[in-house]
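Note sheet for the following structure.
The values are calculated or read from the model by the stated rules, or taken from the named source; none is laboratory data. Values in this document were obtained by computation on a predicted structure and should not be read as measured data. No Cβ is skipped: glycine too gets one built from the backbone with ideal geometry, and neighbour counts run over all protein chains shown.
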Amino acid sequence: MVDSLEKIPVKIFSDVITGSKFVADEIAKLIREKSGRNETCVLGMATGATPIYLYAELVRMHREEGLSFKHVITFNLDEYYPIEKDAYQSYWSFMHRHLFNHIDIDPANIHIPNGSWPKAEIKKYCADYESELEKVGGIDLQLLGIGLNGHIGFNEPGSSISSKTRLINLDNLTRIANTYEFQNISKVPRLALTMGISNILQAKRILLMGWGQKASIVAKSVEGHITEHIPASILQQHPDCTFIVDESAAADLTRIKSPWLTGECTWTPKMIKRAVVNLALKLEKPVLSLTANDYLENSLSDLLIEKGDAYEINLQVFYLLRDSITGWPGGKPNALLPAHPERSVPHPKKIVIFSPHPDDDIISMGGTFMRLHDQGHDVQVAYQTSGNIAVADEFVTRFIDFAVGFEEMFGIDNKKTRSIMKEAREYISNKQKNQADTDEIRSIKGLIRRCEAKATCRYVGLAEDHCHFMNLPFYETGAIEKKPMSEEDVLITIELLKKLTPHQIYCAGDLADPHGTHKVCLEVIFESLRRLKAAGEPWIKDCWVWLYKGAWQEWDISEIEMAIPMSPDQVMKKRFGIFIHQSQKDMVPFQGKDSREFWQRAEDRNANTANLYAALGLTKYAAMEAFVRWHY
């Protein structure tokens, strides 16, 4: 049942793939219904990262289920300006790359704003674009994404409800969020063409998709007041609009975050912990200092009625928080601790740390990584991707130059190396904006990151045969945009897991990575574990999975099931481990919206977790790394 606080219906799906399939089914149903009546179907198309899985599913339905687009007309919402249509980042290229090149749509039925139109003629062009839309009777189904600032299309905060198709200045938050498409913000266009909010509201039906790190703006859009400062909130005025979101994007909805405010609530231990932690942080009180009046005055009277005594509730939550803190992430040997996050036996454990990029292990769980090794566990690290696009060109020429000098120093024939250096320098000096690297340059960039990862493992104390470079194929496109998870990715992961048969797995549950690599890597691991469980692998029943979050965000304090404290010396040792990844320091490609270096993000995040525990009345540590267990 949709909660009364939601002024727009919201459908929540477990993940982006399931949600995208739902939207694809709705589109297919509409196309077939209209085709059955010999009518054309007019679709309003969205771009960016949000609809990629949707378009992949539509292509699959066309190929495998005969879904035809012969009588479909499309109008895209927006386009960067100025930009040539065949530029890799243009939405013309995006739509053809992901959808139009793979279906049977008539090219004459495709309408995308022209980012190369002369500026003096933009107003006329925009009016003509709207005229073309009116000729076909308007949009039957409009697809939308949502920006972190609530923009729809490129209608930035402040856009009028009556706005039409026009040229608009892009908000800086939007440009930062779209940096992943352009490598750095200086290359992101400052202007864009967009259909207006009034055009969007004229669509007969609207489906807005929101995945991942959109929880705050989704909640404001569907539960808050209508305001032009949050353009998506204006969709509350549309008679047939639905938000399609995954669990991450739904996290701030009242029915998810604070269900006790919406009516009846089942008071599970997790729900009690969330309510009490949120109350304590809101009132800036330690958990054990909360009073019955605090509960009564903050809509938690039902919890008091069910549990009877405020102090007993406080104690229950305090113990849950206390028992999540441990200096023994692999379990404390020779100790019977029923409330400990991990099992004491077996000891030592076989442990696999999955690292999506070649530095996520040390950035996200460096303190835990070192502690696991120091406590005698057999720790193996599996680097899932090469990370080869996140290396600046300057590093390539620097390292080839070193190779040439090394060979000269020791009398090694360096004719081949000099040839490679000459070709690389020529290519890089003439490299066009956003041009993909050659296979050789990508290989060198991958080698640079691989050497940094191996050096980090040696720094922790691991032998080199405990480092595994998986090079999952989905990543190896040579471009920012990656492929979806493939069967080959899963089979590579299954093979490694069967070889290592771990008792404990750590993997990145951080889905805020701006170009989605972490998300695909996590899906690959989950699918591999499901298959291994279904196949009855004997070791799988004793294997526990712990999720960490990376450089982009941290677990909510109420979700944390294992917190590993760190001393100031351990924080510094982790920092030096991160510094080993020199190619990722100072000028980092694809930093997302956060301009801090990765070591700064990690330290701030770990310190904040420790401070939250202290604010709730627990021991004050310098820093903490946090984990949540995944059950399969």
Checklist entry - What are the residues in segment 326-362 that are in contact with a Gly (Cβ under 9 Å, 6 or more places away or on another chain), surrounded by fewer than 19 Cβ atoms within 10 Å (Cβ to Cβ) and either outside any loop (DSSP other than H, G, I, E, B) or not aliphatic (A, V, I, L, M) (or both), if any? => result PRO333, HIS340, ARG343, SER344, PRO346, HIS347, PRO348
Checklist entry - Which of the residues that make up segment 231-241 are surrounded by fewer than 20 Cβ atoms within 10 Å (Cβ to Cβ) and touching a helix residue (DSSP H, G or I) at 6+ places or on another chain (Cβ under 9 Å)? => result GLN236, GLN237, HIS238
Next on the checklist: Just to be sure I understand the filter: pairs with C-beta atoms under 9 Å, separated by 6 or more residues or on different chains, first member in segment 374-400 and within 18 Å of LYS498 (Cα to Cα) and assigned to a strand (DSSP E or B), second member at pLDDT 95 or above and hydroxyl-bearing (Ser, Thr, Tyr). Which pairs pass?
Outcome noted: VAL381/SER355; VAL381/THR456; ALA382/SER355; ALA382/THR493; TYR383/SER355
Next on the checklist: Being farther than 27 Å from ASP128 by Cβ and at pLDDT 95 or above is the requirement here; does GLU39 meet it?
Outcome noted: no
Next on the checklist: I'm trying to understand the selection: among the residues of segment 4-29, which are closer than 11 Å to GLU247 by Cα and in a loop (DSSP other than H, G, I, E, B)?
Outcome noted: SER14, ASP15
Checklist entry - in contact with a strand residue (DSSP E or B) (Cβ under 9 Å, 6 or more places away or on another chain) and part of a helix (DSSP H, G or I): does that describe MET365? => result yes
Next on the checklist: Looking at TYR53, TYR88, TYR80, can you tell me which residue is assigned to a helix (DSSP H, G or I), in the same structural domain as LEU193 (by TED's automatic domain parsing) and in contact (Cβ under 8 Å) with a residue 60 or more places away in the chain?
Outcome noted: TYR53
Next on the checklist: Being charged (D, E, K, R) and either in contact with an Asp or Glu (Cβ under 7 Å, 6 or more places away or on another chain) or touching a residue at least 40 places away in the same chain (Cβ under 8 Å) (or both) is the requirement here; does LYS124 meet it?
Outcome noted: no
Checklist entry - Within segment 376-397, which residues are touching a Pro at 6+ places or on another chain (Cβ under 7 Å) and at pLDDT 95 or above? => result GLY376, HIS377, ASP378, TYR383, GLN384, THR385
Checklist outcome for this item: Selection from segment 610-632 of residues under 20 Å from ARG371 (Cα atoms), crowded, with 22+ Cβ neighbours inside 10 Å and of a type outside the set (A, V, I, L, M, F, W, C) yields TYR621, GLU625
Checklist entry - What about LEU43, is it closer than 22 Å to LEU208 by Cα and assigned to a strand (DSSP E or B)? => result yes
Checklist entry - For ILE441, are the conditions met, namely being over 28 Å from VAL520 (Cβ atoms), of a type in the set (Val, Ile, Thr) and either at pLDDT below 95 or in a helix (DSSP H, G or I) (or both)? => result no
